[in-house]
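These notes concern the structure reproduced below.
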Amino acid sequence: MLEIKNLVVQIEDKRILNGLDLTVNDGEVAAIMGPNGSGKSTLSYVIAGKADYEVLDGEVLLDGENILEMAPDERAAAGLFLAFQYPLEIPGVATMTFLKAALNAQRKARGEEELSTPDFMRRVYGAAEQLEIDRDMLKRALNVGFSGGEKKRMEILQMALLQPRFCVLDETDSGLDIDALRIVSEGVNALRAENRSFLVITHYQRLLNHIVPDTVHVMSQGRVVKSGGKELALELEASGYAEYRATEAA
Amino acid sequence: MADITTLRTAAETGLSKLFEVRRLKLPGSAIAREEAFRFFEAAGLPHRRVEAFKYTDLRAALREAAPPAEAPSAEAAREAVKTAKGFAEAEAARLTFVNGHLVPALSDLGALPAGVAVTPLTEALTDGDPLTQRFAPVAQANENPIYQLNTAFMADGALIRVAAGAKVERPLHLRFVATGTEAFSTATRTLVVLEEGAEFTLFESHEGPGGVAYQPNDALDAIVADGAVLRHTRLNAEGAQAVALSTISVRLGAKSHIETVNVAAGAVFSRHQIYLLFAGDDATAAVNGATMLGDGQLADSTLLADHAAVGGVSREQFKTVIDGDATGVFQGKIIVQQVAQKTDGKMKSDCLLLSDEGQMMNKPELEIFADDVACGHGATCGAIDDDLLFYLMARGLPRPEAEGLLVQAFLGEALEAITHEDAREAMIGVVETWLAGRR
Ligand SMILES: Nc1ncnc2c1ncn2[C@@H]1O[C@H](COP(=O)(O)OP(=O)(O)OP(=O)(O)O)[C@@H](O)[C@H]1O
Ligand SMILES: [Mg+2]
């Protein structure tokens, strides 16, 4: 599904990704862990197409097609989705208006019909119910005044609505209380499918108890330095990142 | 200072000639017209060195004095109105003006809401209607050259009286439509008098052809008596070459309220002037502007709020979106007279720049002579936030749509101030149309 080859990225002359390689197969849930500042969010932004980053080398292939030349909206239409570490507040744009515009824009880009309003409402309310999001929240301006946890839920609601093929979740668990973590995880698990893959960025094993990954990758200084199965996350929880930092320093 | 501008421009000479010919033909007493024109003539068309016009050089914009438009034929009027879209979907009684002349056949003069009386201006001036004594409810407007020209040349309009206590639900829509293929000018004056406790909703739309440099000058005088409420939404959708001048002057009685929103997207050069006089205690005003400009356009919103009574509250918010090499101008002045204790006045101008070539000029002023007041002003100007844009695009919105959503959100704050739902919807539609035109 997603193949990243030798990705080298810098921002303002500072190199952040240093030849990163990563493959995520169809239907796979891959977890990425790694110390603060190791470049996890940068990777997620580069996959989604944020402009500030300069890609010096490498490729990001979605089903064999290099997406690095595509605009963010084209990537979204191709099935990419990023659940932001820090979702943005957009005053003056009602959540419903935004959701409808986003869904219809993607459908249009794929040559599909626009959804009728009742059909759209049914889908939104269905997803909101599953994620225990109050309908009143959908009437408010997007993310404005939402609590940290509410914002994260709203990200997953968007994901559920847009039905992407490749989902990047950047620390979706941070800011969630215990119940919300379960609800959001169930939301994600419900979306797991043969033709949908996930890249789950997290600092905590706790999330991976709910969303059980197929693979776990350790990122350090802009590179994947170790890959393994779900037991790797448990090891990290016990030992920390000292080993990988030492490797880098050596 | 030796400011020698004895040389008169072609437009100034032209205006004088036109006035000589027109003054005796126009309805009503020539005295008021004469006085206004002599004041205008003495100073001429205002230009950059006149403080109140320093960003809005009317002398440069008005190259020639276009002749006043004649009343259109019934057929021409019907045709012109077919193209008028402003507030078309809104439920309202309508008065239609084509090229500045009231067209009774296209107006609901016989089907006005209860409590509302309308007299055509020509009739009122000819008959010496006592209401005509109540023009110019804010004295400062008489010193303004645009208003002076309107007083000198006003050819048609309406006097609207809303009876004491009448809570009129059905809005009245003043529909101004211009038509023609050669330059012309229009001058209309409308006086709205809300008697004590009356409530009234007024829409105003101004539309015209794109290929003609016509020159509308419209004035709305409003007297809002004690406890009365006037809600006013105005649309400037003038043609792309129009030089459009307008003035609203409002006198507020005790505990009265005015809501006035000007939505402007039209004209190559426009200036909308707002004069508010807080004459009675505890009056409130919500003044909003939403302006959308593209290449070559200049739009000026100039406000004067004169607090002459205790406890007045005014909220002014102007939002300007600037694309291409357009220029936006906001000039706002709040005066708090010595008697006007407990005045609470806040004025804000926000600008969203969609290009590097555009510019916004802000000139806020406070003149405060009372000591127990809360007044302030602020101005912001910025481009679209890249992070917000990325967030929206990452959800699949193409750049123009994502920008459009952010523009709508930006202007939305000013449009939210429109209480009447049909009017608000109509103005949101204007923004959508403007955005569609950009793509
Ligand atoms: N716009 C920027 N300008 C300069 N440096 C940046 C910028 N964005 C990120 N960086 C730097 O790049 C490095 C990687 O940041 P990134 O946010 O990708 O880390 P992360 O692995 O997601 O960290 P965390 O676990 O704290 O979320 C950091 O050192 C950060 O300071
Ligand atoms: Mg991060």
| Within the range A:40-143, GluC sites (Glu not before Pro) in DSSP loop having at most 11 other beta-carbon neighbours inside 10 Å | A:Glu69, A:Glu112, A:Glu113
| Three principal axis extents, largest first, for the C-alpha atoms of the range A:32-139, in Å? | 46, 35, 26
| note | Magnitude of the Cβ-charge dipole (Lys and Arg +1, Asp and Glu -1) of the range B:164-293 about the Cα centre, nearest 20 debye, reported as 180 debye
| request: Estimate the FRET efficiency between B:Leu131 and B:Lys54 by the formula 1/(1 + (r/R0)^6), using the beta-carbon distance for r and 35 Å for R0, to the nearest 0.05. | output: 0.45
| remark: Any residue on another chain or 5+ positions along whose placed amide H is under 5 Å from the amide H of B:Ala264 is listed here as B:Asn236, B:Ala290, B:Thr291, B:Met292
| task | Set the Förster distance to 35 Å, then compute FRET efficiency between B:Glu365 and B:Arg8 from the Cβ-Cβ distance, nearest 0.05. | result | 0.70
| note | Taking every other residue with Cβ under 15 Å from the Cβ of B:Leu62 and scoring Lys and Arg +1, Asp and Glu -1, one gets 0
| message | Looking only at Cβ-Cβ distances, which cysteines of the protein assembly as shown have no other cysteine closer than 4.7 Å? | response | A:Cys167, B:Cys375
| With charges set only on the Cβ (+1 for Lys and Arg, -1 for Asp and Glu), what does the dipole of the range B:162-218 come to about its Cα centre, in debye to the nearest 20? | 100 debye
| Considering every residue in A:88-96, what mean count of other chain Cβ atoms within 10 Å of its Cβ is obtained? | 5
| Which GluC sites (Glu not before Pro) in the range B:48-150 pass both tests, a DSSP loop state and at most 16 other beta-carbon atoms within 10 Å? | B:Glu64, B:Glu70, B:Glu89, B:Glu91
| note | Between the residues A:Leu99, A:Ala233, B:Leu191, the Cα farthest towards the positive end of the dipole of the protein assembly as shown, that dipole coming from +1 and -1 charges on the beta-carbon of Lys, Arg, Asp and Glu, is from B:Leu191
| Cα gyration tensor of the range B:184-249 - equivalent ellipsoid semi-axes, whole Å, descending | 29, 11, 7
| request: Once you have the Cα-Cα distance between B:Lys346 and B:Arg399, take 0.36 nm times their residue separation minus that, and quote the gain in nm to one decimal. | output: 15.6 nm
| said: Using the Karplus curve 6.51 cos²θ - 1.76 cosθ + 1.60 with θ = phi - 60°, what ³J(HN,Hα) values do you get for each residue of the range B:416-422, in whole Hz, with x for Gly and Pro? | reply: 4, 6, 7, 5, 6, 4, 4
| said: If you build the convex hull over the alpha carbons only and average its shadow over all orientations, what do you get for the protein assembly as shown? Give it in nm² to one decimal. | reply: 36.2 nm²
| Extended-chain gain in nm, criterion 0.36 nm per residue less alpha-carbon gap, B:Asp295 and B:Glu70 | 77.8 nm
| message | Order these by the 10 Å Cβ neighbour count, fewest first: A:His203, B:His272. | response | A:His203, B:His272
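Within the range A:96-182, list the chymotrypsin sites (Phe, Trp or Tyr not before Pro) lying in a DSSP loop whose Cβ has at most 12 other Cβ atoms in a 10 Å radius.
Values: sites: A:Phe98, A:Phe120, A:Tyr125, A:Phe146, A:Phe166; in loops: A:Phe146.
Hits after loop and neighbour filter: nothing returned.
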| remark: Per the 1/(1 + (r/R0)^6) rule, R0 = 45 Å and r from the Cβ atoms of B:Ala436 and B:Gln338, FRET efficiency to 0.05 is 0.35
| query | Quick one: Karplus J couplings for the range A:40-56, per residue in order, coefficients 6.51, -1.76, 1.60, θ = phi - 60°, nearest Hz, x for Gly and Pro? | reply | 5, 5, 4, 4, 5, 5, 5, 5, 7, x, 5, 6, 5, 8, 9, 8, 8
| Within a Cβ distance under 14 Å of A:Ala141, other residues only, what is the Lys/Arg minus Asp/Glu net charge? | -2
| For the range B:223-339, what is one quarter of the convex hull surface built on the Cα atoms, given in nm²? | 6.3 nm²
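Near B:Gly253, within a Cβ-to-Cβ distance under 12 Å, what is the net charge of the other residues, with Lys and Arg +1 and Asp and Glu -1?
Numbers: positive: B:Arg251, B:Lys255; negative: B:Glu195, B:Glu196, B:Asp226, B:Asp281, B:Asp282.
With Lys, Arg at +1 and Asp, Glu at -1, the neighbours total -3.
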| Furthest towards positive pole of dipole, B:Leu159, B:Phe53, B:Gly382, structure part the protein assembly as shown, Cβ charges | B:Leu159
| query | Which value, in debye to the nearest 20, describes the size of the charge dipole of the protein assembly as shown about its Cα centre when Lys and Arg Cβ atoms bear +1, Asp and Glu Cβ atoms bear -1, and nothing else is charged? | reply | 1000 debye
| Taking the Cα-to-Cβ direction at A:Ala71 and at A:Glu129 and moving 7 Å from each Cα, how far apart do the two end points lie in nm? | 3.7 nm
| query | Mind listing the phi-derived Karplus ³J(HN,Hα) values for the range B:239-250, rounded to whole Hz, using 6.51, -1.76 and 1.60 with θ = phi - 60°, and x for any glycine or proline? | reply | x, 5, 10, 5, 9, 10, 10, 8, 9, 10, 10, 10
| In degrees from 0 to 90, rounded to the nearest 10, what is the angle of the helix A:95-109 Cα long axis to the longest principal axis of chain A? | 70 degrees
| Residues with amide H under 5 Å from that of A:Phe198, placed H, sequence gap 5 or more | A:Glu28, A:Val29, A:Ala30, A:Cys167
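Readers should treat all values here as calculations from the given coordinates under stated rules, not as data from a laboratory. Fair warning: this is a prediction, and the values are worked out from it, not measured in the lab. Note: ideal-geometry Cβ built from the backbone for every residue, glycine included; neighbour counts use all protein chains shown.
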